Amino acid sequence: MFAVLLGGFVGSLMGGPLGLVVGAVAGWFLSAYLRKQAVAGLSRIQSGFLDSMFAVMGALCKADGVVTPNEVQAAEAVFTQMRLSAQQREMAIAAFNRGKETGFDLDAELARFRQISRGHPAMLRMFLQIQISAVAADGQIHPAEHKMLLHIARGLGLPESQVAQLEAMLRGGQRGGSGRSPDQQLADAYQVLGVSASISDPELKRAYRKLMNENHPDKLASQGLPDSMREIAERKTRDIASAYDLIRDARRQ
């Protein structure tokens, strides 16, 4: 709409009423072109997200020297969870296999994804979260995998503390809190929100609201998160809310 009004205004300055009409029409075509470019750009981001995500996942699963059947099943579980189409599934498998190849350039892939995602922090954290979820699907993270997760975080421009934060979120989202004591679950909740236990109530609420805003599924979708990953984004906001509720309830006792 702005392009139409602008075109009409410029046209009227140049050619009176006729120029107004011509300018408005030109503005409409410009607006349509920009919308098309925006949609195309978003599609490129989504495609790049899936390609880089599964390539890095393949490299990560091979970090301990071999890709185990459990890790292959974990990748398959991600395919299913994301409800990938047949075409997307083929692309994901090809990317996963590319990441397993000897000589795969992990740093170049991470740099490529940072460029594709335009450096949006929430998108980068979502990328890292999925990698952690995939390697932890068998109930453990091998030391070599943990080391590579730290490497991935650095390559994405994220602090290494993000790995611990997302691991805490993963534990908190597991049924029964993974057998952890109430104190351990509370410590995980603070780590999920990225705050210390000494934080004041108002600061805690601000940190919670900031995280919820950054990770809102609609906001991530506007930044290029594929529709197939919306469920994962929604689960993350629930995990953040659960962590906040756990802390708030503990403070009321």
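A few remarks follow.
- If R0 equals 30 Å, the separation of the Cβ atoms of residue 198 and residue 218 corresponds to a calculated FRET efficiency of about 0.35.
- Overall, the range 104-163 carries a charge dipole of about 280 debye about its Cα centre when +1 sits on the Cβ of Lys and Arg and -1 on the Cβ of Asp and Glu, all other atoms neutral.
- Student exercise, the range 66-168 dipole from Lys, Arg, Asp, Glu Cβ charges, in Debye to nearest 20: 380
- In the range 101-144, trypsin sites (Lys or Arg not before Pro) in a DSSP loop with at most 13 other beta-carbon atoms within 10 Å: 118
- Cβ-defined net charge surrounding residue 99, 9 Å radius [Lys, Arg +1; Asp, Glu -1]: +1
- Those aspartates and glutamates that a straight Cα-Cα span of less than 12 Å connects to residue 147, excepting residues fewer than 8 apart in one chain: 64, 160
- Shape parameters for the range 81-120, alpha-carbon atoms, Rg then Dmax in Å: 12.3, 30
- Cross-link reach list, aspartates and glutamates versus residue 62, counting only Cα pairs under 12 Å and skipping chain neighbours closer than eight places: 71, 101, 145
- Estimated FRET transfer efficiency (residue 91, residue 181; beta-carbon r; R0 45 Å; 0.05): 0.55
- Net length gained if the chain between residue 230 and residue 242 were fully extended (0.36 nm per residue, minus Cα distance): 2.5 nm
- The HN-Hα couplings worked out from phi for the range 148-163 by the Karplus form 6.51 cos²θ - 1.76 cosθ + 1.60 (θ = phi - 60°) are 5, 4, 5, 4, 5, 4, 4, x, 8, x, 9, x, 4, 4, 5, 5 Hz, whole numbers, x standing for Gly and Pro.
Only the coordinates and a few stated rules stand behind these numbers; no lab work does. Small disclaimer: the values here were computed from a predicted structure and weren't measured. Don't worry about glycine lacking a Cβ; one is built from the backbone with ideal geometry, like all the others, and counts go over all protein chains shown.
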